[in-house]
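The structure appears below as structure tokens.
The values are calculated or read from the model by the stated rules, or taken from the named source; none is laboratory data. Keep in mind that this is a model prediction, so the values were computed, not measured. When we count neighbours, we look across all protein chains shown, and the Cβ atoms used for this are built from the backbone with ideal geometry, even at glycine. When the accessible area is computed, the model is the full protein with side chains, heavy atoms only, and any ligands, DNA or RNA have been set aside. Shrake-Rupley method; radii C 1.70, N 1.55, O 1.52, S 1.80 Å.
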Number of protein chains: 4
Amino acid sequence: MKDIRVGIVGATGYTALEAARILVAHPHARVVAATSRGETGKSIAEIHPSLAGRCDVRIDTFDADKIAGQCDVAMCCLPHGASAETVHQLVTRGLRVIDFSADFRLSNVELYEKWYDVEHPWPERVGSTAYGMPEFFADQIRDADVVANPGCYPSSAILPLAPLVKEGLIETDDIIIDSKSGVSGAGRSAKVATLYCETNESIAAYSVGVHRHQPEINDLVHRISGTPVATLFTPHLTPMDRGILSTIYVRSRSTARKVMDCWRHCFADAAFVTVVEHLPATKHVAGTNFVQMTARDCDHRIVLICAIDNLAKGASGAAVQNMNVMFGLDDKTGLV
Amino acid sequence: MKDIRVGIVGATGYTALEAARILVAHPHARVVAATSRGETGKSIAEIHPSLAGRCDVRIDTFDADKIAGQCDVAMCCLPHGASAETVHQLVTRGLRVIDFSADFRLSNVELYEKWYDVEHPWPERVGSTAYGMPEFFADQIRDADVVANPGCYPSSAILPLAPLVKEGLIETDDIIIDSKSGVSGAGRSAKVATLYCETNESIAAYSVGVHRHQPEINDLVHRISGTPVATLFTPHLTPMDRGILSTIYVRSRSTARKVMDCWRHCFADAAFVTVVEHLPATKHVAGTNFVQMTARDCDHRIVLICAIDNLAKGASGAAVQNMNVMFGLDDKTGLV
Amino acid sequence: MKDIRVGIVGATGYTALEAARILVAHPHARVVAATSRGETGKSIAEIHPSLAGRCDVRIDTFDADKIAGQCDVAMCCLPHGASAETVHQLVTRGLRVIDFSADFRLSNVELYEKWYDVEHPWPERVGSTAYGMPEFFADQIRDADVVANPGCYPSSAILPLAPLVKEGLIETDDIIIDSKSGVSGAGRSAKVATLYCETNESIAAYSVGVHRHQPEINDLVHRISGTPVATLFTPHLTPMDRGILSTIYVRSRSTARKVMDCWRHCFADAAFVTVVEHLPATKHVAGTNFVQMTARDCDHRIVLICAIDNLAKGASGAAVQNMNVMFGLDDKTGLV
Amino acid sequence: MKDIRVGIVGATGYTALEAARILVAHPHARVVAATSRGETGKSIAEIHPSLAGRCDVRIDTFDADKIAGQCDVAMCCLPHGASAETVHQLVTRGLRVIDFSADFRLSNVELYEKWYDVEHPWPERVGSTAYGMPEFFADQIRDADVVANPGCYPSSAILPLAPLVKEGLIETDDIIIDSKSGVSGAGRSAKVATLYCETNESIAAYSVGVHRHQPEINDLVHRISGTPVATLFTPHLTPMDRGILSTIYVRSRSTARKVMDCWRHCFADAAFVTVVEHLPATKHVAGTNFVQMTARDCDHRIVLICAIDNLAKGASGAAVQNMNVMFGLDDKTGLV
């Protein structure tokens, strides 16, 4: 087969770098274009020195016609709002797009505009876009022109929760999600809050009760399971580059054993979900697209624990998995 | 006044080092003896090179008579079981002891023997020993011959919870404590699990539902508030040397504002408890004996967040604070 | 005695925080004023949450008259160039100043202007200002109106080198200094290069052959020893908050043993310099004002190794030590 | 082609894990056997949970006949001494072996026995074994029955030095190699010295002047260039999982520009050596088999800087590269 030609729009951040790193080793895809507002003319390896000798694509300013002409698919790594606008331009030129932003993840525009506080530039597509989680939406992804790549925290919560809610194994009204993320989730823009000496040797909660991934979790678990849920979501900034560990406290009259059986059944054909007996650490999935999850009985609750790499399964790994599905490749192609 | 002469029993671990580091800067105390089974004859600075030029006490084998003769107080940094035996020997020789182990923390021997799986060598003292949390037990500590120094996780949970339970501000039957600790909490013995490359760049839960600090939390909150509570406690190993952050999810018909008012009132005279508006990070208290706590409203629950340094307020700082109380000094003497 | 009243000028960075942290525990000094351009009206604890409950000074805009009226000494934590201007204003109002910048460290204006590429606003004071290293300049510091607080890297290189050059124990023409610093040395301004995910899990050299601390090292070793030296200095950014380790390769016909004897003799009365037999790690001095140094024979060279905490002995600890000397206190007062 | 069947002998350490992680993604090789003394019967994923769902080989006790029967090649990850014995058993049974130990790296038995302080069990093979650095020894590796996989530090020093010595660009008598390694280089056995809290937030030199990789560097640079060299090698333990940065100070009348030209010419066909203009950080090569090197003029010396991943190009990546060469595959197969 001919290589899938990939364009990376918004190429300076960590998710773009991670996408490029995966794609340079992909047997059937290659990066052919990369855009950014600020670094035009430089090689992508000048922005990301870990690509030196491995990828020599030049950074260009964004031109929808040009990208649509050069590429089979675009990975759009722009902030919300800006992203929808760009996705619209590319899709109307016939390009397939994997959108890393939150712009097309939610089920309705009202929810989006309430939480993201911007007017959506392409409201009619909100709610009808494939959510890029092949474990539940492979059929929609296969034929999609736009795939809404999932948020990092939502990936670590939806995967364990949705099957259990769907099967009625857990109660839906008091789900507590305590998540711990590596610092790369905060992006690559210069901020005091994510300087090394601010976050190193320290853990802290942030955005308690007001993080935008909470409505995404609730919305998608509802969409997948058919049942509305209410979660309390607290993210924590953890002194490590990568990884998300979500510790989820659910009320249930079932058992951890049955929870794991339910997962094993649900994810029997999933390429990257591993139900494990050990307590997963983020290190066990670091640098991979794998998800490790387990459950433990604790008095009146069951504790679910799910580990992913926020940059891989939580972002760019999922994007490549989605690309594989979109282009008829095996999910695992080019992914570890 | 004359310096308080301190003996450190079991001097090779991190809590012993932290005690020594605090004491070398204490204006009214000094380390005069240190014991260990394995390193006899060496200077304590050979075991802990950060003490070089600052403390030249020689490590000796433990001899109860000798320690009792040389010291005004012993800090006993031994494992549970072994500790109670040693404490007994010292106390019967008239020495006052601050015990870092769990041996005298709980209210009854049955609870202790159930969780620690050993026969208690001095059962009659269990339940009548001062718990070394001056915020609640200063009167008992002042005159105590033995002070049971609190566990690290319990310190981060009891301090925020006890006043709220006592005042009836929160429900007591579904308290979820998600705690994150630095690696020093696991001690200084050679184990693969706490090698740098195992714990670095990774976060993981451990001892889910079976950690020995859970009964200590429940027992002490009960003892302080008069009300039994049921907590679900999940500790996590976090890639940092020091610090504990406990994120506590409580059901309540009150508000975060009232919770913080309750704390401010309860801890008005506490030397080291700071109720803060910001979301505390473990870094904000690192290397200090301070506790930072805050609360946030989240739908039907209130999220309590408490940060301490596990080696300081969670161990050796608390021990020095207890020593100050025992010897009539201001709580803050020699502590930062 | 009455407390020394300290003003911190430029209070938002890491050296200002470290100065404040040391001073809140100092028995004879207290912070009475703090200035910054951007954060006026806030408490210093809002800028530095680790000071919560420990220091409640308000940030004010800089006013030379006001600071001179309120304080006995100012610690000036401003960038070079800006600092000299401010120091001039304060000194002419009769205030004593400890200047953290490089503005008054070097012996002549030409060297300064060559390396710092600015016109010096107060050139007549360059070269006649006390260099704040009490190990060599205590007499000048005692009576100084301005003390030039040493650079962090220079502290780790001058202390081991100067006595050896003075005593003729080493050759002076091919001294190689390979230094490794924690990230706090790069300051607290928002830059991509010092984001957590850029510097974590990585070590790299920077400013190879062009770092401004090289002329400071050469100049001061010359000033102290009377002999000109040529060093090759390479700094490395190391994934840790604090600490500098300098590994120094010198040609010598002497021995490591004689080197250590020379140091022991030279630093016999120095409060914070410890000559050690072990190989010092930065952790051994972290959070302290101590210097640990050792030497090893290696074929035709001797390897000198020196560890300091860049924020303590490399900046704010040295500043407090200088303040102690200026005000007739013991060097160690308030320092650990 | 049929998959290369690989056996991993000594499967519990970090280099074994890294080899397995690379091989599970290799398109033409797979792990078919794994041995260890202590963990027999367990799945390799129980020892290394990051392999869960990716590799289910069972750990077996070592049996030379069995391994020789099951495999096309063995990767022998045993300590020196023990390794040579095992390699001998496997080779005499016709198996090709990549040996991770130092047992067959050096040119003569005397040098080996002096530095490793053991009697060599198979002395006749010392000196005639292919050194596993395909950049210089591809022809020997291609047909080898045993390949001596290079040491981690030597890889970071030999690659930049050997071409320069060979071309006479640098002087050979005062080469100073200051190397900084991540902690994984110290292995996975339980030792206090490599506990998280010992090495985190700290950098220190170790084995100054007595590290066994120094004779390996000297010996191999000599073997490759034909010229004897004398290096002074100082390793440093750096708080990171992976990576080696070697900063090498050489005397030269040449220039950094010519040094880089020499490298570019020498490594024109090398799959993994990248000569870069930026100052390489270990992060730039982390998780990859790539080498980044650059040079800078500094007065009378040139500073060479070389970054590798100690577990990849410094161990298991090199091993897979060697395997590729041995079995006629492109060097890059299965490597990133």
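Worth a mention:
- Note on the stretch B:225-262: residues that are buried (at least 24 other Cβ atoms within 10 Å of the Cβ) and among the aromatic types (F, W, Y) total 1.
- Residue within the stretch B:180-189 that is part of a helix (DSSP H, G or I), among the polar types (S, T, N, Q) and not assigned by TED's automatic domain parsing to the domain that holds B:S246 present: no
- From the list C:R21, C:R5, the lone residue that is in contact with a His (Cβ under 9 Å, 6 or more places away or on another chain) and either open to solvent by 20 Å² or more (accessible area, probe 1.4 Å) or polar (S, T, N, Q) (or both) is C:R21.
- Within the stretch B:177-212, the set of residues being more than 22 Å from the chain's Cα centre (by Cα) and more than 7 Å from every other protein chain (Cβ to nearest Cβ) comprises B:A193, B:E198.
- Residue match in the stretch B:67-78 (condition: charged (D, E, K, R), touching a residue at least 60 places away in the same chain (Cβ under 8 Å) and away from chain C (no Cβ under 14 Å)): yes
- Residue in the stretch C:187-201 that is within 23 Å of C:T294 (Cβ to Cβ), surrounded by 24 or more Cβ atoms within 10 Å (Cβ to Cβ), touching a strand residue (DSSP E or B) at 6+ places or on another chain (Cβ under 9 Å) and in contact (Cβ under 8 Å) with a residue 24 or more places away in the chain present: no
- The single condition from (1) open to solvent by less than 30 Å² (accessible area, probe 1.4 Å); (2) touching a residue at least 12 places away in the same chain (Cβ under 8 Å) that B:D60 fails is (1).
- Residues (part of a loop (DSSP other than H, G, I, E, B), in contact with a strand residue (DSSP E or B) (Cβ under 9 Å, 6 or more places away or on another chain) and away from chain C (no Cβ under 14 Å)) located in the stretch D:309-328: D:F327
- Taking the stretch D:278-308 as the range and being under 25 Å from B:E201 (Cβ atoms), open to solvent by less than 30 Å² (accessible area, probe 1.4 Å) and either among the charged types (D, E, K, R) or more than 9 Å from chain C (Cβ to nearest Cβ) (or both) as the test, the residues that pass are D:V285, D:T288, D:N289, D:F290, D:V291, D:Q292, D:C306, D:I308.
- Meets criteria (in a helix (DSSP H, G or I) and either surrounded by 17 or more Cβ atoms within 10 Å (Cβ to Cβ) or not assigned by TED's automatic domain parsing to the domain that holds A:T40 (or both)) for A:A68: yes
- Criterion: open to solvent by less than 40 Å² (accessible area, probe 1.4 Å), outside the structural domain of C:N108 (by TED's automatic domain parsing) and under 22 Å from C:W115 (Cα atoms) - qualifying residue of C:G317, C:G209: C:G209
- Which numbered condition C:D331 fails, given (1) assigned to a helix (DSSP H, G or I); (2) surrounded by fewer than 24 Cβ atoms within 10 Å (Cβ to Cβ): (1)
- Residues located in the stretch C:71-116, provided they are open to solvent by less than 50 Å² (accessible area, probe 1.4 Å) and of a type in the set (V, I, T): C:V73, C:T86, C:V87, C:V91, C:V97, C:I98, C:V109
- Check on A:E167, of a type in the set (D, E) and without any contact (Cβ under 8 Å) to a residue 40 or more places away in the chain: no
- Any hit, the stretch C:39-59, residues being among the hydroxyl-bearing types (S, T, Y) and closer than 20 Å to C:V320 by Cβ: yes
- Residues in the stretch C:147-176 that are more than 20 Å from the chain's Cα centre (by Cα) and under 12 Å from C:Q214 (Cβ atoms): C:I175, C:I176.
- Residue list for the stretch C:1-28, restricted to those being more than 20 Å from the chain's Cα centre (by Cα) and assigned to a strand (DSSP E or B): C:I4, C:R5
- Among the residues here, D:I98 does not qualify as within 25 Å of C:V303 (Cβ to Cβ) and among the β-branched types (V, I, T).
- Against the conditions (1) surrounded by 24 or more Cβ atoms within 10 Å (Cβ to Cβ); (2) more than 16 Å from the chain's Cα centre (by Cα), D:F272 satisfies every one except (2).
- Scanning the stretch D:135-160 for residues that are open to solvent by 20 Å² or more (accessible area, probe 1.4 Å) and not in a helix (DSSP H, G or I) yields D:D143, D:D145.
- C:D178 being acidic (D, E), under 20 Å from C:A281 (Cβ atoms) and either surrounded by 21 or more Cβ atoms within 10 Å (Cβ to Cβ) or in contact with a strand residue (DSSP E or B) (Cβ under 9 Å, 6 or more places away or on another chain) (or both): yes
- Per-region count, the stretch A:121-134, residues buried (at least 21 other Cβ atoms within 10 Å of the Cβ) and touching an Asp or Glu at 6+ places or on another chain (Cβ under 9 Å): 5
- Look at (1) within 14 Å of chain D (Cβ to nearest Cβ); (2) of a type in the set (A, V, I, L, M, F, W, C); (3) without any contact (Cβ under 8 Å) to a residue 24 or more places away in the chain and you find that C:V275 fails only one, number (1).
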